[in-house]
Amino acid sequence: MQKVEILNGNKAAAIGAAMSRPGVVAAYPITPQTPVVEYFSEFAANGEVDAAISEVESELTAMSVVTGASLAGSRTFTATASQGLALMYEPYFRASTLRLPIVMAIVNREMISPQSVWGGQQDSMSVRDAGWLQMYAEDNQEILDMIIQAFKIAEDKRVLLPINICYDGFYLSHMTERVLIPEQEKVDAFLGSYKPEHIILDPEKPMAVDPLTNGVLVMEYRNKHLKAQQNALTVLDEVDKEYGRLFGREYGGAVEEYRMEDAEYALVTTGSMSGAAKDAVDMQREKGIKAGLVRMRMIRPFPKDRVCKALSRVKSFGVVDRNVSFGWDTGIVYQEVKAALYDGDNKVPSVPIIGGLGGEDISVGMMMDSIDRVVKAAAEGKNSECIWLMNEEEAK
Amino acid sequence: MNAVDKLASMEDMISPGISACVGCNVELALRTCLKVLGPNTILAIPPGCMGGVGVVGWDMETGAKVPVFFPLLDNVASMLAGIKMHYEKVGRKVNVVAFAGDGASTDAGMQCLSGAAERGDKIIYICYDNEGYMNTGYQRSSATTKYSWTSTTPVSKEGRGGKKQNKKDFPMIMAMHDIPYVATCSPAFIPDMVAKVEKAMEASERGLAYLHIFNPCLTGWGIKPELSIEACRMSVETNFFPLYEVIDGKYIINKEFKNPKPVKEYIGYMKKFKHMNEDEIAEIQELVDSKWKRLKRLSTL
């Protein structure tokens, strides 16, 4: 039977990682990720996990240690946030081009400047084209479940790519919720062990990793990498269903649709803000507005077909981004959703919305306003300017 | 068995025909170290000369018979630490070895090397010090000797210039990490190098073992290929680069010369110092003398 615990997001992540039995773990503390490192170290000190842990001197080394360990054949886990992710960019990019199934939690935090330690998805969204898979959790149960599933997805032979499980700093990392803990023996059976066949540093099987390589081969590497990203969509669906059968929680794959069956107006969200958005959808429906929600669980690969399908019948939609796309005057996910719809030849009016930067709350009221804007865009028959969700009281 | 016979009996783990410059003493050092380390080794060759000459490989071919990879310039020791952690965890004894230039060791990769040393990661780290970024045409590094010409520390038409700062004393910095083994090596003293690689292998069961090889670069520094080993020998016989080891904190000088030659003789071997005047040479001599005195004092502790 699954045990019930009251957990903050960081502990849920640490438990998910521990239950996946990684061989090597290396992480450098940074707010708001720090407790993940502390919890995991505590599990190791108490003999609850037998992972080798490296108390590294930087995030660059954290990613480098897990890269080395993964090359040698270990299952590996790490976690970071914001500036830590920026510091590890060099080995981060390379972990994906080496096709190493490393799992890394990113506890989303705003990027400096100005200095902020609070939430925002600018960190992980900015590195979405570094070849990793990226998923975003809405609550602490999903964090735990997705860390476990992440190993299964990443290590699948059709994928063999590293994966980020991203969750909002403080809103999830430090807030407690009821979380069901799966049975260890069932998790063991679900995950199995990691046995690399594609790349290995082992004196018994000498291999040269990364000789100087010509462009024709580089093109082939990238082409296969892109295909592996697409394969992850299929693998995620399979893993989601299997996990659902075993543990009773199925999330809908790359996209969660909420009251979209007959929706005329849709909001698209990512991460913990989706809770407030779902409340707003319910409240708008009580007022007779047929609103719905599309929650992006996966950003890389971008689930183009799922998004197109989900938004195929709406009159207009808005995308709420907890990040900005410099140069576009909108958020990042907005541009990507629009690009996906263009591919599907669907050009209904849309509303770019930015909110929650630097840890600002995105309230139910703000989500209500956002839906009003989406309704207005449909009436006007054109795309809206970017809306900034500001707390008027605080802004004064 | 003497070192020559020993080396003759060992397999060369580096492929024939790598594209190092004629007379390169780094290639000699690499082949020597790898012979001693043997096939049960995982080798990291970061960006630098030995990467450039094809030790990791070129397209579908590799320059090494052992598993070899190309770490980033700044994460050599960290990647090795991860590899070693895996093998310790699964209970297999494997030499996990870096063969890295001074740029990857004393500059960009210094933080991660220092971290690995402090944590006691059980790796063997060999730095081949050719005093700069040679694979990109000789730019200065923190290991470059003062007054040395490099492409980023040029000498004016009047013959003034060169690097403005002293060479970072990296083996000493590594020794101050209190790691089980630190040693300096020279391609002119191969039996000494063989013994030190063996000691490093033994010490790496207890923590990080660090070897610092001084490799005057023929192409970059302007040394005639036939004088490759002579230039190495002169760096030791002038006390410019003394051979010593630090075993669990104990300093041992391996080569001591009753009448060390003046540094000027070493400096005379290469074009990069051609512009130096007497005052500048005297300044380097003074530095060499004071560092030698310090080393002597350390060796009596």
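Table for the structure above
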read-out: Residue among B:46, B:39 that alone is at the interface with another protein chain (Cβ under 8 Å from one of its Cβ atoms) and closer than 26 Å to residue B:23 by Cα; value: B:39
read-out: Condition met for residue B:56 (assigned to a loop (DSSP other than H, G, I, E, B), farther than 23 Å from residue B:202 by Cβ and facing chain A (nearest Cβ under 10 Å)); value: yes
read-out: Hits in the stretch B:160-206 - residues which are on the phi < 0 side of the Ramachandran plot, over 17 Å from the mean Cα position of the chain (by Cα) and not in a helix (DSSP H, G or I); value: B:160, B:163, B:164, B:165, B:166, B:176, B:177, B:179, B:180, B:204, B:205, B:206
read-out: Residue match in the stretch B:137-144 (condition: over 22 Å from residue B:30 (Cα atoms) and not polar (S, T, N, Q)); value: yes
read-out: Every pair of residues 6+ apart whose Cβ atoms lie under 9 Å, when the first sits in the stretch A:175-202 and is farther than 20 Å from residue A:71 by Cβ while the second is aliphatic (A, V, I, L, M) and in a loop (DSSP other than H, G, I, E, B); value: A:183/A:1
read-out: Qualifying residues in the stretch A:32-66 (those that are of a type in the set (Val, Ile, Thr) and touching a residue at least 40 places away in the same chain (Cβ under 8 Å)) - the one nearest to the other protein chains (Cβ to nearest Cβ); value: A:65
read-out: Which listed residue, of A:307, A:319, A:364, is under 29 Å from residue A:31 (Cα atoms), modelled with pLDDT of 95 or more and out of contact with any Asp or Glu (no Cβ under 7 Å at 6 or more places or on another chain); value: A:319
read-out: So residue A:161, is it within 14 Å of another protein chain (Cβ to nearest Cβ), surrounded by 18 or more Cβ atoms within 10 Å (Cβ to Cβ), under 30 Å from residue B:65 (Cα atoms) and in contact with a helix residue (DSSP H, G or I) (Cβ under 7 Å, 6 or more places away or on another chain); value: no
read-out: Matching option when the condition is within 11 Å of chain A (Cβ to nearest Cβ) and not aliphatic (A, V, I, L, M), among B:25, B:75, B:2; value: B:75
read-out: First in the stretch A:246-267 and outside the structural domain of residue A:289 (by TED's automatic domain parsing) and touching a residue at least 24 places away in the same chain (Cβ under 8 Å), second anywhere and in a strand (DSSP E or B) and small (Gly, Ala, Ser), Cβ under 6 Å, 6 or more apart; value: none
read-out: Enumeration of residues in the stretch A:69-83 that are touching a strand residue (DSSP E or B) at 6+ places or on another chain (Cβ under 9 Å) and either surrounded by fewer than 24 Cβ atoms within 10 Å (Cβ to Cβ) or facing chain B (nearest Cβ under 7 Å) (or both); value: A:69, A:71, A:72, A:74
read-out: The one condition in (1) touching a helix residue (DSSP H, G or I) at 6+ places or on another chain (Cβ under 6 Å); (2) closer than 17 Å to residue A:69 by Cβ; (3) of a type in the set (A, V, I, L, M, F, W, C) that residue B:73 fails to fulfil; value: (2)
read-out: Candidate set from the stretch B:59-72 (those that are at the interface with another protein chain (Cβ under 7 Å from one of its Cβ atoms) and assigned to a loop (DSSP other than H, G, I, E, B)); member that is farthest from the chain's Cα centre (by Cα); value: B:59
read-out: Residue match in the stretch A:128-139 (condition: more than 25 Å from residue A:231 (Cβ to Cβ) and either at pLDDT 95 or above or in the same structural domain as residue A:330 (by TED's automatic domain parsing) (or both)); value: yes
read-out: Residue that is farthest from residue A:68 (Cα to Cα) [pool: residues in the stretch A:211-242 that are in contact with a strand residue (DSSP E or B) (Cβ under 6 Å, 6 or more places away or on another chain) and within 14 Å of chain B (Cβ to nearest Cβ)]; value: A:212
read-out: Enumeration of residues in the stretch A:129-151 that are over 25 Å from residue A:362 (Cα atoms) and in contact with a Phe, Trp or Tyr (Cβ under 6 Å, 6 or more places away or on another chain); value: A:130, A:149
read-out: Flag if residue A:318 is out of contact with any His (no Cβ under 8 Å at 6 or more places or on another chain) and free of Cβ contacts under 8 Å to residues at least 40 places away in the same chain; value: no
read-out: Lone qualifier among A:353, A:371 - being of a type in the set (A, V, I, L, M), assigned to a strand (DSSP E or B) and at pLDDT 95 or above; value: A:353
read-out: Out of B:137, B:91, B:109, B:82, sole residue that is farther than 24 Å from residue B:33 by Cα and within 14 Å of chain A (Cβ to nearest Cβ); value: B:91
read-out: Filter result (surrounded by 20 or more Cβ atoms within 10 Å (Cβ to Cβ) and among the basic types (Lys, Arg)) within the stretch B:157-197; value: B:163, B:167, B:196
read-out: Any hit, the stretch A:104-112, residues being under 23 Å from residue A:219 (Cα atoms) and touching a Lys or Arg at 6+ places or on another chain (Cβ under 9 Å); value: no
read-out: Odd one out for residue A:342 among (1) over 17 Å from residue A:264 (Cβ atoms); (2) assigned to a loop (DSSP other than H, G, I, E, B); value: (2)
read-out: The stretch B:109-124 residues that are crowded, with 24+ Cβ neighbours inside 10 Å, paired with ones that are hydroxyl-bearing (Ser, Thr, Tyr) and modelled with pLDDT under 95 (beta carbon under 7 Å, 6 or more apart); value: none
read-out: Any hit, the stretch A:187-195, residues being within 14 Å of chain B (Cβ to nearest Cβ), surrounded by 13 or more Cβ atoms within 10 Å (Cβ to Cβ) and farther than 30 Å from residue B:54 by Cα; value: yes
read-out: Exclusive hit being among the aromatic types (Phe, Trp, Tyr), away from chain B (no Cβ under 14 Å) and under 26 Å from residue A:235 (Cβ atoms), set A:118, A:132; value: A:132
read-out: Unique residue being surrounded by fewer than 22 Cβ atoms within 10 Å (Cβ to Cβ), β-branched (Val, Ile, Thr), touching a strand residue (DSSP E or B) at 6+ places or on another chain (Cβ under 9 Å) and touching a residue at least 40 places away in the same chain (Cβ under 8 Å) when the list is A:299, A:289, A:371, A:362; value: A:289
read-out: One residue from B:238, B:219 being closer than 30 Å to residue B:154 by Cβ and buried (at least 19 other Cβ atoms within 10 Å of the Cβ); value: B:238
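The values are calculated or read from the model by the stated rules, or taken from the named source; none is laboratory data. This structure is a prediction, so every number in the text was calculated from the model and none was measured. Positions of Cβ are backbone-derived with ideal geometry, glycine not excepted, and every protein chain shown enters the neighbour counts.
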